[in-house]
Amino acid sequence: MEQTKELLQAQTHVGHHIRGNLISMFLKCAVELGIPDAIHAHGQPLPLSRLVSSLPIPQSKAPSLRRLLRLLAHTGFFTIHPDHDSSGEDAYSLTPSSQLLVRSCPTSLASYVIGFLDSRMLSPLQLLSAWYRSEQSATVAEMARGMPVWEWARANPDFNVLFNEATASDTSVVAKVVVTDCKAAFHGLRSLVDVGGGNGMFARAIAEAFPHIKCTVYDLPHVVATIPKSSAVEAIGGDMFEHIPSADAVFLKLIMHMLTEEQCVKILRRCKDAIPKREEGGKVIIVDMVLNSEKEDYMVTEAQLVSDLVMLQATGGKEREEHEWKKIFMEAGFVDCRVTPLGARSLIEVFP
């Protein structure tokens, strides 16, 4: 009896992780259909029939939609309110997780869900075992596409837009947390340059929260050319491996985990050249993952370890434990750092 119980538990464990990928696709479907938006717009629990009427689907799909919602309610994305008015149908409301999937929400993750679950993003993973068996030094993504991920993105403008929208979606949440919970990290700064700052969303959030800080976005020329004009944020084009503009602080959000140790050290040395001494307020502020070796929070640790393998296959980078971060900082000429955990990510202040 004990052996069969263990067998069934093992089968359930394997099946759970197989189904995890399927649940992601069901969630993507709900976001693409606009289900969170429709429920949010209603302002109260939305009956199934009215939900179907508000979506671009035929009424005949109502039973199928109920089955989709039943699963997503089980996984914590919706709350089911049983029939109380004899209409014979359930009604649905949002949970804190699905509130983040409403497109009009300032911290919406809808684009993040759609972008990172796009088939073009996931397809290289089909070659992961082949990559392990090979002598390839290129990444999995490069082996699949014949070119590095950034070159492939530039060659496929529609995917590039999808990817940029996904990362901006994620940035909106992280930016709100950083400017709310990490105000001390920006105390005394007069200027800050956001290196690899993309569309400038994070720099704008910092400028709005701390108007006394002169904020600059520094990224490749073709990237900064797309940034909307702003009186609060300056945009400068250039190559972070060659030069970084001077400022009291250099800001790096989810840049370092895409890079090798050698590349990280090279960029950090450029950062050190760009900032003043510590006693004059100089620092580098990094938002990235610090691997949680203690595994105190299962979901956080899982997110970090998954991200580590995503970086492995996509860019050749990695997520790092605190001692690995400190080794890089020391090699680049920095003497001290301070780590503030923020869920799966951390804010790291690095001092010269």
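For region 180-199, the candidate set comprises residues that are in contact with a helix residue (DSSP H, G or I) (Cβ under 8 Å, 6 or more places away or on another chain) and at pLDDT below 90; within that set, the residue that is nearest to residue 252 (Cα to Cα) is 197.
Of the strands (runs of 3 or more DSSP E) lying entirely inside region 204-303, the ones with 3 or more residues being at pLDDT below 90 are found at 233-237.
Just one of (1) touching a residue at least 24 places away in the same chain (Cβ under 8 Å); (2) outside any helix (DSSP H, G or I); (3) out of contact with any Leu (no Cβ under 7 Å at 6 or more places or on another chain); (4) surrounded by fewer than 18 Cβ atoms within 10 Å (Cβ to Cβ) fails for residue 80. It is (1). Just one of the listed residues (333, 316) is loosely packed, with under 15 Cβ neighbours inside 10 Å and either touching a residue at least 24 places away in the same chain (Cβ under 8 Å) or in a strand (DSSP E or B) (or both), and it is 333. Which of the residues that make up region 301-349 are farther than 22 Å from residue 278 by Cβ and basic (Lys, Arg)? Result: 318, 320, 345.
Within region 119-172, which residues are among the small types (Gly, Ala, Ser), exposed (fewer than 14 other Cβ atoms within 10 Å of the Cβ) and assigned to a helix (DSSP H, G or I)?
Step one: of region 119-172, the residues among the small types (Gly, Ala, Ser) are 119, 123, 129-130, 134, 137-138, 141, 144, 146, 153, 155, 166, 168-169, 172.
This time we only want the ones that are exposed (fewer than 14 other Cβ atoms within 10 Å of the Cβ), so: 119, 123, 129-130, 134, 137, 146, 155.
Within region 119-172, 119, 123, 129, 130, 155 qualify.
Among the numbered criteria (1) under 27 Å from residue 166 (Cα atoms); (2) over 22 Å from the mean Cα position of the chain (by Cα), which single criterion is violated by residue 59? Answer for residue 59: the failing condition is (1). Filtered by the rule that a residue be touching a helix residue (DSSP H, G or I) at 6+ places or on another chain (Cβ under 7 Å) and of a type outside the set (Gly, Ala, Ser), region 217-242 gives 217, 233, 236, 240, 241.
Evaluate the following for residue 178: is it within 17 Å of the chain's Cα centre (by Cα), among the β-branched types (Val, Ile, Thr) and not assigned by TED's automatic domain parsing to the domain that holds residue 254? Quick ask: steps written out before the conclusion?
Numbers: within 17 Å of the chain's Cα centre (by Cα): yes; among the β-branched types (Val, Ile, Thr): yes; not assigned by TED's automatic domain parsing to the domain that holds residue 254: no.
Taking the combined requirement at face value, the residue does not satisfy it.
Restricting the first member to region 212-235 and to residues that are surrounded by 15 or more Cβ atoms within 10 Å (Cβ to Cβ), and the second to residues that are of a type in the set (Lys, Arg), the beta-carbon pairs closer than 8 Å and six or more apart or on different chains are 213/190; 214/190; 215/204; 233/204; 234/214.
The values are calculated or read from the model by the stated rules, or taken from the named source; none is laboratory data. Since the model is a prediction, treat every value here as computed from it, not as a measurement. A quick note on method: Cβ atoms are made from the backbone with ideal geometry, for glycine too, and the neighbour counts reach across all protein chains shown.
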